[in-house]
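S.K.: Here it is: the structure, laid out below.
Each reported figure results from applying straightforward, stated rules to the coordinates on display, with no laboratory input. Treat the numbers as computed from the prediction; the structure is a model and nothing was measured. Note: ideal-geometry Cβ built from the backbone for every residue, glycine included; neighbour counts use all protein chains shown.
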Amino acid sequence: MRIVIAGGHGKIALRLARQLADRGDEPVALIRNPDHSRDVVAAGAEPAVIDLEKATVTELAEKVMNADGVVFAAGAGPGSDAARKETVDHKAAVLTADAASLAGVRRLVQVSAINVDEPVPEGTGEVWAAYVEAKRAADADLRERGLELDWTILRPGRLTDDPGTGRVALGSDVERDSVTREDVASVIVALLDEPGTVGKVLNLVNGETPVVEAVRAAASS
């Protein structure tokens, strides 16, 4: 499969590219900074330079064309301000969905965050509140598209760089906990293989169930 990854130089994205390449797929990493090309090539991905905060839907659709699926794994990242949470975590996600639709690529997996539908607690910092609101808005946009795209929203818990365990808890009622980025990438790969997860919003943390089994169970629930 040819899989286009938005936010292609991110920590989850590089792991995802490596896993896809290792099994013979063709990952394409969308990156803003051309200096990141070496890293994504080392991970087995084809670099494609585009700025998701400035690109038009047509420009992005050209990068997505002929893909079998799209993964939105972009984020403004630590140290960014509230404004960039809106332009990257929300607006760029909407742009990616629009571009996939325009290019005729139906399958889209969007990486969100656990519990973003819950109210932000009083006293939450401005930047974190903006992040939660941006993720919530991006997810709402995708859910409102109906049959336009074959989407799945994946909501990981607190991310760690620990080695992957291969075992997770995945589902709509999973409680907040931590999950390794390696395991998030593994779940994305399995989601791309499982059409039964289309239209589902899934929380993800580390747990006891092997990844493929967890995805199959989520598909049948």
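S.K.: Arranged from highest to lowest average of other beta-carbon atoms within 10 Å per residue, in what order do the peptides 142-149, 192-199 appear?
M.R.: Working: 142-149: 13.5, 192-199: 17.1.
Going from most to least packed, we get 192-199, 142-149.
S.K.: Considering only 199, 43, 80, whose Cα is most displaced toward the positive end of the charge dipole of the chain, charges sitting on Cβ of Lys, Arg (+1) and Asp, Glu (-1)?
M.R.: Comparing the listed Cα positions along the dipole, 43 ranks first.
S.K.: So, one more: Can you sort 188, 31 from fewest to most other Cβ atoms within 10 Å of each residue's own Cβ?
M.R.: 31, 188
S.K.: What translational D, rounded to a whole number of µm²/s, comes out for segment 2-156 from Stokes-Einstein when the hydrodynamic radius is the Kirkwood one over Cα pairs, at 10 °C and 1.306 mPa s?
M.R.: Estimated diffusion coefficient is 102 µm²/s.
S.K.: What FRET efficiency comes out for the pair residue 102/residue 2, r = Cβ-Cβ distance, R0 = 25 Å, nearest 0.05?
M.R.: Here the calculated transfer efficiency is 0.90.
S.K.: Using alpha-carbon pairs under 8 Å, 6+ residues apart, how would you state the relative contact order of segment 2-156 in percent?
M.R.: After rounding, I find 22 percent.
S.K.: Which value, in Å to one decimal place, does the Kirkwood hydrodynamic radius take for segment 1-67 when every pair of different Cα atoms is included?
M.R.: After inverting the pairwise mean of 1/r, the radius is 11.6 Å.
S.K.: Residues of segment 162-177 with backbone nitrogen within less than 15 Å of a virtual label 7 Å along the Cα-to-Cβ line of residue 213, please, listed as ranges.
M.R.: What the label zone holds, given the 15 Å backbone N cut-off, is 165-170.
S.K.: Same structure, new question: Among the trypsin sites (Lys or Arg not before Pro) in segment 49-130, which ones are in a DSSP loop with at most 11 other Cβ atoms within 10 Å of the Cβ? Mind listing them?
M.R.: 54
S.K.: Report the gain in length on full extension from residue 66 to residue 53: 0.36 nm times residue separation, minus Cα-Cα distance, nm rounded to one decimal.
M.R.: Additional length available on full extension: 2.4 nm.
S.K.: While we're here: What is the distance in Å between the Cα centroid of segment 135-171 and that of segment 84-99?
M.R.: One Cα centre to the other: 15 Å.
S.K.: Please report how many Lys pairs in the chain have alpha carbons closer than 22 angstrom, counting only residues at least 8 apart along the chain or sitting on separate chains.
M.R.: Lysine pairs satisfying the spacing and distance rule in the chain number 13.
S.K.: First select every other residue whose beta carbon is under 13 angstrom from the beta carbon of residue 85; then total the charges, Lys and Arg +1, Asp and Glu -1.
M.R.: It works out to a net charge of -2.
S.K.: Quote the relative contact order of segment 140-221 in percent (integer), defining contacts as alpha-carbon pairs under 8 Å separated by 6+ residues.
M.R.: It rounds to 39 percent for segment 140-221.
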